[in-house]
Amino acid sequence: MDRNQLRRQVAHMRSSLIEQHYLDQQQFVQLEDLEDDSNPNFVEEIVTLFYKDSSRLFQKIDQALHSVPMDFAKLDDYMHQFKGSSSSIGAIKVKNECTQFKEFCLAGNAEGCFRAFQRVKHEHEALKRQLETYFQVPLDTFFLSGQLYAVFD
Amino acid sequence: MATAGEVLRRNVPESFELSEKELHVLAVDDSIIDRKVIEKLLKISCCKVTAVESGTRALQYLGLDGEKKSSVGFDGMKVNLIITDYSMPGMTGYELLKKIKESSAFREVPVVIMSSENILTRIDRCLEEGAEEFIVKPVKLSDVNRLKNFMMGGERKEKGVKKVQKRPLQVDYNNSSSAPSPLPQLSPSFACNLASLHSSPSSSPSSPLPRCASKRPRLHSMD
């Protein structure tokens, strides 16, 4: 497919992601605006970093959820970090689920935390699928100086 | 790691430093994503950036960590602005701010605090401790442009410098959820500032917020 078609497709997909509130327009578009010739894959790099970092945080959250007694302060702290990253890439739906989770932490509601974490993971995964299509590359690979690398965790 | 340029700069008098185009910003954030983003925002605005992951690292970089300090006159690590996240493990941005303001070498360097939470007590504390500004995350290009303009134009205008304060529209008193309500007893210029923030819809990234001419008044006493 030619460049123009590709460009239109990308623009269309981006609008759709924004309309469905997967992504916050201002934040995500701002990130894309930061791309230039010296760094044309900036957003993709950031998103890849996000998914790598979030799997690290998810492991910690999982462990903390299964510890007895449950350490709500720690859970809140981990989720706060993850929420921050989600916000930085403009992932609205994910961020909103994080807020829910934090409220359950505040309330000391273990059952609520479990459920909320499922929702966080669900939204996180849904966004990943969307972004993989958008970038046309699986998000466990990344670009560094134009070279494609795979990340093995 | 000193480049030839840095070595040469050591011998250059202070006034020459000021006319240099490239400002050096020290960015501190424990989140790798936020570090990358702030770094990019700053680089796009033609700032030299050093990004570190913690307050401790920042103090090490500045030579304030109690290790043998660099000799007087060494300005290879001259920093024009320090921008730091508030919530970080170990040393918070607030604690870092205090340490910087306590040091004779760096107390004049403007420090900006970033936070994902706009809690009024937190903002108050930071501003009172001498933070230049408090920015609610996510940081935008317009925030960075404003900071850069401030550094280029304002820094050497002496005390009585125009302080630019970014005020949140909603206030959170000690995390309790309260509906946004007008703040009491605002000075007229400040009230105008807030009013114009309310009236303009989310503007494009390049349009800057209106500037406060006067230092933000103390609005109320906090417990």
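The values are calculated or read from the model by the stated rules, or taken from the named source; none is laboratory data. As the structure is a prediction and not an experimental result, all values here were calculated from the model. Because the Cβ atoms are built from the backbone with ideal geometry, glycine has one as well, and the counts that use them run over all protein chains shown. Calculation scope for accessible area: heavy atoms of the full protein, side chains included, ligands and nucleic acids excluded. Shrake-Rupley method; radii C 1.70, N 1.55, O 1.52, S 1.80 Å.
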(message) Go through region A:53-99 and report how many residues are within 16 Å of the chain's Cα centre (by Cα) and either among the aromatic types (F, W, Y) or not in a helix (DSSP H, G or I) (or both).
(response) 5
(request) Please work out which one of (1) away from chain B (no Cβ under 13 Å); (2) open to solvent by 40 Å² or more (accessible area, probe 1.4 Å) is the condition A:D77 fails and give its number. (result) (1)
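Could you grab me the full set of residues in region A:38-76 that are charged (D, E, K, R) and farther than 22 Å from A:S88 by Cα?
Result: A:D62, A:D71.
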(request) Keeping to region B:34-66, report how many residues are under 13 Å from B:D85 (Cα atoms), away from chain A (no Cβ under 14 Å) and not in a helix (DSSP H, G or I). (result) 1
(request) Output the residue which, of all residues in region A:11-31 that are more than 14 Å from chain B (Cβ to nearest Cβ) and in a helix (DSSP H, G or I), is farthest from B:K137 (Cα to Cα). (result) A:H12
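Pull up region A:40-61, narrow it to residues that are open to solvent by 60 Å² or more (accessible area, probe 1.4 Å) and of a type in the set (D, E, K, R), then point me to the one that is farthest from B:L41 (Cα to Cα).
A:K60
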(request) Report the residue count in region B:49-65 for those that are among the polar types (S, T, N, Q), open to solvent by less than 40 Å² (accessible area, probe 1.4 Å) and out of contact with any helix residue (DSSP H, G or I) (no Cβ under 7 Å at 6 or more places or on another chain). (result) 1
(message) Which pairs turn up if I take residues in region A:40-64 that are at the interface with another protein chain (Cβ under 9 Å from one of its Cβ atoms) and look for partners that are open to solvent by 40 Å² or more (accessible area, probe 1.4 Å) and in a helix (DSSP H, G or I) with beta carbon separation below 8 Å, at least 6 apart in sequence or on another chain?
(response) A:E45/B:K36; A:I46/B:K36; A:L49/B:I32; A:L49/B:K36; A:D53/B:I32
(message) For A:D37, only one of the following conditions fails: (1) more than 10 Å from chain B (Cβ to nearest Cβ); (2) open to solvent by less than 40 Å² (accessible area, probe 1.4 Å); (3) acidic (D, E); (4) under 27 Å from B:K40 (Cα atoms). What is its number?
(response) (2)
